[in-house]
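Peer 1: Here it is, the structure in full.
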Amino acid sequence: MDYLTANRAQLLDELTALQQEYKRYQQMGLKLDMSRGKPSPEQLDLSMELLDIHVYKGETGIDARNYGVLEGMPEARRLFAALMGIAPDEVIVGGNASLQMMYYLVELGYRNGYANSPCPWKECERVKFLCPVPGYDRHFRITEYFGFELVSVPMTPTGPDMDIVEKLVAEDDSIKGIWCVPMYSNPEGVSYSDETVRRFARMKTKAPDFKIFWDNAYCVHHITDTPDILLNLMDECRAAGTEDRPFMFCSTSKITFSGAGVAAIGASAFNVKYILKNMFPMTISFDKINQLRHAAFFENRAGIEQHMEKHKALLRPKFEMVDSVLRSDAAPYGDIAHWRMPNGGYFICLRTLPGCAKRIVDLCDKAGVKMTEAGATHPYGIDPNDNTIRIAPSFPPVEELRTATQLLCLCLRIASVEHQLENM
Ligand SMILES: Cc1ncc(COP(=O)(O)O)c(C=O)c1O
């Protein structure tokens, strides 16, 4: 039945049948979680050898057990440089979380400003940040925490709408930055086109200290054999003379251990110097033993890529399962759901009829399946169309994922029928 063309009587009959099926799910006592993009235990097991690596002496004789070397062990800087496509002296290797490094740099701009800031951002009358939507809730949360105004910019199939970005940043010097997940974006799995990357490098910004927070969290996280390819932002910025504009980030959170990996910042050598000078009062050094372990475990970028093939083998069937259940259990009922199978990353983004996402997530919750809160993909947790749901297939086993997605489709159908009945 096509819900968009069905008449009232048909929809009422359908709703009764769906509600009965929903009750059956409620009686199953499910307790499933598709809410956070966490690696599964099997994925974490892939890196257990890390714990057997007992290294503490670096290649240049640095004793990693001791204080010092704030910028990170040379071999770890080299590894992350290869991952980000920049030079080792453009890398600071930190602790376990790239999010912490993003927070640190936002805080640095706020408290102190950057080397090319006219003043610390806290002294500006207002500070705005561009937030491509849908996007990553934790990014938005950082800038919301500092009291910045979050300005939504729509995502397109090639990245943020660059006509809007260019216009805004050219006109308004209170816009100090933008959050970007340029490869396999969270949650849509979109990778930015070459044109988008070039426009980011070349665009004119009214704020001299405008920064691109380039969070390449999923740079090697392919799940198909036709991976996306991302142009190197730093190369383009160098060519355009804007190499101090990007702050790049990545981590091994979804390569080794999400709670005990290694994270890094990539920035121009000039910015690296400035950041290190300002980090100095905060810590004497990060966990260099873990940095060495990771460098020894992977050796180089090829080592990471080989390792990611094992993640791919575990993740791909899960994404395919979600895709196939959506095809069989949602697609036949008319134009009530849109999604696309990404080539990588950690999420599938489901678009519903307007005003249905919250209702669907709530229905799932009441039947024992936890989804990411509706609205989390938008600044301030408000999705104006209430039609975006982030599906995180990585954690549950495949069979649980089937059941959870089947329930999600049932809830989607209930909410869609209710929507049609209300709008007749
Ligand atoms: C886009 C993005 N960036 C960063 C993170 C977190 O990274 P980390 O564990 O390095 O803090 C996530 C986790 O889901 C993410 O989706």
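The values are calculated or read from the model by the stated rules, or taken from the named source; none is laboratory data. Please read these numbers as outputs of a predicted model, since none were measured by experiment. Don't worry about glycine lacking a Cβ; one is built from the backbone with ideal geometry, like all the others, and counts go over all protein chains shown.
Peer 1: Testing K366 on (1) touching a residue at least 24 places away in the same chain (Cβ under 8 Å); (2) surrounded by 15 or more Cβ atoms within 10 Å (Cβ to Cβ), one condition comes back false. Which one is that?
Peer 2: The failed condition is (2).
Peer 1: Taking Y3, is it crowded, with 18+ Cβ neighbours inside 10 Å, of a type outside the set (A, V, I, L, M, F, W, C) and more than 16 Å from the ligand (Cβ to nearest atom)?
Peer 2: On the way: crowded, with 18+ Cβ neighbours inside 10 Å: yes; of a type outside the set (A, V, I, L, M, F, W, C): yes; more than 16 Å from the ligand (Cβ to nearest atom): yes.
For Y3, the condition - crowded, with 18+ Cβ neighbours inside 10 Å, of a type outside the set (A, V, I, L, M, F, W, C) and more than 16 Å from the ligand (Cβ to nearest atom) - is met.
Peer 1: Pick from segment 232-252 the residues that are assigned to a helix (DSSP H, G or I) and under 24 Å from E71 (Cβ atoms): which of them is nearest to the ligand (Cβ to nearest atom)? Show your work before the answer.
Peer 2: Here is the first cut: in segment 232-252, the ones assigned to a helix (DSSP H, G or I) are 233-240.
Now restrict to residues that are under 24 Å from E71 (Cβ atoms): 233-235, 237-238.
On the way: L233: 15, M234: 18, D235: 22, C237: 21, R238: 24 Å.
Restricting to residues being assigned to a helix (DSSP H, G or I) and under 24 Å from E71 (Cβ atoms), the top hit is L233.
Peer 1: Which of the residues that make up segment 367-402 are out of contact with any Cys (no Cβ under 9 Å at 6 or more places or on another chain), more than 21 Å from M341 (Cβ to Cβ) and assigned to a helix (DSSP H, G or I)?
Peer 2: The answer is Y380, G381.
Peer 1: Take the conditions among the β-branched types (V, I, T), buried (at least 23 other Cβ atoms within 10 Å of the Cβ) and over 22 Å from V106 (Cα atoms) and apply them to V181. Does it pass? Reasoning before the result, please.
Peer 2: Working: among the β-branched types (V, I, T): yes; buried (at least 23 other Cβ atoms within 10 Å of the Cβ): yes; over 22 Å from V106 (Cα atoms): no.
Here the answer is no, as V181 does not meet what is asked.
Peer 1: Next question, about the same structure. Consider T377 against the criteria (1) touching a helix residue (DSSP H, G or I) at 6+ places or on another chain (Cβ under 6 Å); (2) of a type outside the set (A, V, I, L, M); (3) farther than 15 Å from L401 by Cβ: it satisfies all of them except one. Which criterion is unmet?
Peer 2: (1)
Peer 1: Something else: Within segment 6-45, take every residue that is acidic (D, E) and modelled with pLDDT of 95 or more and give me the one that is farthest from the ligand (Cβ to nearest atom). Steps first, answer last, please.
Peer 2: Narrowing segment 6-45 to residues acidic (D, E): 13-14, 21, 33, 42, 45.
Those left that are additionally modelled with pLDDT of 95 or more: 13-14, 21, 42, 45.
On the way: D13: 42, E14: 37, E21: 33, E42: 18, D45: 18 Å.
Top of the filtered list is D13.
Peer 1: Next up: What's the total number of residues in segment 127-143 that are away from the ligand (no atom under 16 Å from the Cβ) and touching a Leu at 6+ places or on another chain (Cβ under 8 Å)?
Peer 2: Step one: of segment 127-143, the residues away from the ligand (no atom under 16 Å from the Cβ) are 127-128.
Applying the additional criterion that residues be touching a Leu at 6+ places or on another chain (Cβ under 8 Å) yields 128.
Residues that pass the stated criteria total 1.
Peer 1: Now, a different point. For segment 19-34, indicate whether the set of residues that are surrounded by 13 or more Cβ atoms within 10 Å (Cβ to Cβ), touching a residue at least 60 places away in the same chain (Cβ under 8 Å) and among the aromatic types (F, W, Y) is non-empty.
Peer 2: Yes, some residue in segment 19-34 is surrounded by 13 or more Cβ atoms within 10 Å (Cβ to Cβ), touching a residue at least 60 places away in the same chain (Cβ under 8 Å) and among the aromatic types (F, W, Y).
Peer 1: Since P332 meets every condition but one in (1) of a type outside the set (F, W, Y); (2) surrounded by fewer than 21 Cβ atoms within 10 Å (Cβ to Cβ); (3) under 30 Å from E42 (Cβ atoms), which condition does it not meet?
Peer 2: Just one mismatch for P332, condition (3).
Peer 1: Only residues that are polar (S, T, N, Q), farther than 14 Å from D215 by Cβ and within 20 Å of the chain's Cα centre (by Cα): list them for segment 227-251, please.
Peer 2: Step one: list which residues in segment 227-251 are polar (S, T, N, Q), which gives 232, 242, 251.
Then keep just the ones that are farther than 14 Å from D215 by Cβ; that gives 232, 242.
Across segment 227-251, the qualifying residue is only N232.
Peer 1: What do you reckon, is L363 out of contact with any strand residue (DSSP E or B) (no Cβ under 8 Å at 6 or more places or on another chain), farther than 19 Å from G135 by Cβ and not assigned by TED's automatic domain parsing to the domain that holds I142?
Peer 2: Working: out of contact with any strand residue (DSSP E or B) (no Cβ under 8 Å at 6 or more places or on another chain): yes; farther than 19 Å from G135 by Cβ: yes; not assigned by TED's automatic domain parsing to the domain that holds I142: yes.
Considered against the rule, which asks whether it is out of contact with any strand residue (DSSP E or B) (no Cβ under 8 Å at 6 or more places or on another chain), farther than 19 Å from G135 by Cβ and not assigned by TED's automatic domain parsing to the domain that holds I142, L363 comes out as yes.
Peer 1: Anything in segment 193-214 that is more than 16 Å from R238 (Cβ to Cβ), in contact (Cβ under 8 Å) with a residue 40 or more places away in the chain and surrounded by fewer than 18 Cβ atoms within 10 Å (Cβ to Cβ)? List them, or say none.
Peer 2: Scanning segment 193-214 gives a single hit, P208.
Peer 1: Here is a follow-up. Return the residue satisfying two criteria in turn: it lies in segment 386-424 and is hydroxyl-bearing (S, T, Y) and touching a strand residue (DSSP E or B) at 6+ places or on another chain (Cβ under 8 Å), and of such residues it is surrounded by the fewest Cβ atoms within 10 Å (Cβ to Cβ).
Peer 2: Filtering segment 386-424 for residues hydroxyl-bearing (S, T, Y) gives 388, 394, 403, 405, 416.
Of the ones still in play, those that are also touching a strand residue (DSSP E or B) at 6+ places or on another chain (Cβ under 8 Å) are 388, 403, 405, 416.
Numbers: T388: 22, T403: 17, T405: 28, S416: 26.
My answer is T403.
Residues checked against (1) part of a loop (DSSP other than H, G, I, E, B); (2) among the basic types (K, R); (3) more than 15 Å from the ligand (Cβ to nearest atom):
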| position | (1), (2), (3) |
| --- | --- |
| D89 | no, no, yes |
| I92 | no, no, no |
| N96 | yes, no, no |
| M101 | no, no, no |
| L105 | no, no, no |
| G113 | yes, no, yes |
| E125 | yes, no, yes |
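Peer 1: From I255, I284, I289, I229, which residue is assigned to a helix (DSSP H, G or I) and in the same structural domain as R199 (by TED's automatic domain parsing)?
Peer 2: After applying the criteria, what remains is I289.
Peer 1: While we're on this one: Residues of segment 136-173 being touching a strand residue (DSSP E or B) at 6+ places or on another chain (Cβ under 6 Å), buried (at least 21 other Cβ atoms within 10 Å of the Cβ) and in a loop (DSSP other than H, G, I, E, B), which ones?
Peer 2: F148
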